[in-house]
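Notes for the one structure printed next.
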Amino acid sequence: MRRKVKRKISRKKKLKKRAEPADYTGRKYEDYLEFVKNNSDMPTTEMDTVYNNQDGPFIQTFIFENTGFMISLLKQHKTAEEMSNSLNYFQDILSDDMYHKLFGLLLTDRGSEFAKPQLFEINCETGEIRSNIFYCDAQMSSQKPHVENNHIFVRDILAKKKSLKDLTQDKLDLMFSHINSVPRKSLGGKTPYEAFEFFYGKDTLDKLNI
C-alpha cells in the first residue's frame, strides 16, 4: 500500500496582479510597413536590448539601417522608463533636425522594456511628439534583422556567460567604435563609421562618442 503522508496545508498565496497588455494598435509591423511606404525618405532605426543576467546591467542598442552604424547606452534597469530616457539624452545632445533624422522612426520587439510606446513617442517634459515607434510581431525578431545580426559583433566581445558588472559607458563606446570600423560587403567595402559620416557628418559622430 502507498505510504500515507501528511500534506502540509499551504497558506493561500496572493495572486500576482497581471500586467496590463501593451496597446500596439496602429504600431504593429503591418502598420510599420505602411508607414515606410508612405515615408520612404525616413530611415529606420532598430532598437533592442542585450544582457547576460536578468539582474543587469543591460545594453540598449540602436542601429541605423541605412548605414549599419550601431551605438548603445548602458542601463541598470530593464524598464520602459529607463529605456525611453535614452531619447531624452539624444534630444539634449543633438539638434532637432538631427534627432528626427536618427530617431524619428523606431522599430523594436515586444519586450517589456519597450512596452509603453507613449514614453518613446512623446517627450514628457514638453509634450511634443518626437518619434514614431513600431513593434515586430510576437516572436518575430527576424523582422528587425539589422540589429539582430549586428549583435554577433557584440557577442564576439561580450560572450553570454561573461559578467557585465564592470562594464562602463566608456567601454561600450570604445567597443562600438571598433565594431563600426569593420568594413561591410553591404556597404561596398566601406565601414559603418564612414557611411554614417557621409550622411550625418563628423560632428554627430563626436556627439555620439564614436
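The values are calculated or read from the model by the stated rules, or taken from the named source; none is laboratory data. Quick caveat, the model's predicted, so the values are computed rather than measured. All Cβ positions, even for glycine, are placed from backbone atoms using ideal geometry, and neighbour counts span all protein chains on display.
Could you tell me which residue of the range 160-202 is modelled with the lowest pLDDT, considering only residues that are exposed (fewer than 12 other Cβ atoms within 10 Å of the Cβ) and among the acidic types (Asp, Glu)?
It comes out as Asp166.
Restricting to the range 84-101, what's the tally of residues that are under 13 Å from the mean Cα position of the chain (by Cα) and of a type in the set (A, V, I, L, M)?
1
I need the full set of residues from the range 40-89 which are surrounded by fewer than 22 Cβ atoms within 10 Å (Cβ to Cβ) and of a type in the set (Gly, Ala, Ser), in order please.
The answer is Ser40, Gly56, Ala80, Ser86.
Somewhere in the range 25-38, is a residue part of a loop (DSSP other than H, G, I, E, B), touching a residue at least 12 places away in the same chain (Cβ under 8 Å) and of a type in the set (S, T, N, Q)?
no
Which pairs have Cβ atoms under 8 Å, sit 6 or more apart or on different chains, and link a residue in the range 75-96 that is in contact (Cβ under 8 Å) with a residue 24 or more places away in the chain to one that is of a type in the set (Asp, Glu) and in a loop (DSSP other than H, G, I, E, B)?
Asn88/Glu125
Check off (1) over 26 Å from Asn52 (Cβ atoms); (2) without any contact (Cβ under 8 Å) to a residue 24 or more places away in the chain for Ile157 and give me the number that stays unchecked.
Here Ile157 meets the rest and fails (1).
Output yes when any residue across the range 184-205 is among the charged types (D, E, K, R) and either under 24 Å from His77 (Cα atoms) or touching a residue at least 24 places away in the same chain (Cβ under 8 Å) (or both), and no when none is.
Taking every residue of the range 184-205 in turn, at least one turns out to be among the charged types (D, E, K, R) and either under 24 Å from His77 (Cα atoms) or touching a residue at least 24 places away in the same chain (Cβ under 8 Å) (or both).
Criterion first (under 16 Å from the mean Cα position of the chain (by Cα), of a type in the set (Lys, Arg) and either over 16 Å from Glu65 (Cβ atoms) or not in a helix (DSSP H, G or I) (or both)) does Lys78 satisfy it? Explain how you work it out, then say what you get.
On the way: under 16 Å from the mean Cα position of the chain (by Cα): yes; of a type in the set (Lys, Arg): yes; either over 16 Å from Glu65 (Cβ atoms) or not in a helix (DSSP H, G or I) (or both): yes.
Against the criterion (under 16 Å from the mean Cα position of the chain (by Cα), of a type in the set (Lys, Arg) and either over 16 Å from Glu65 (Cβ atoms) or not in a helix (DSSP H, G or I) (or both)), Lys78 qualifies.
Kindly provide the set of residues from the range 111-123 that are touching a residue at least 24 places away in the same chain (Cβ under 8 Å) and either in a loop (DSSP other than H, G, I, E, B) or farther than 18 Å from Pro43 by Cα (or both), ordered by number.
Gly111, Ser112, Glu113, Phe114, Ala115, Lys116, Pro117, Leu119, Asn123
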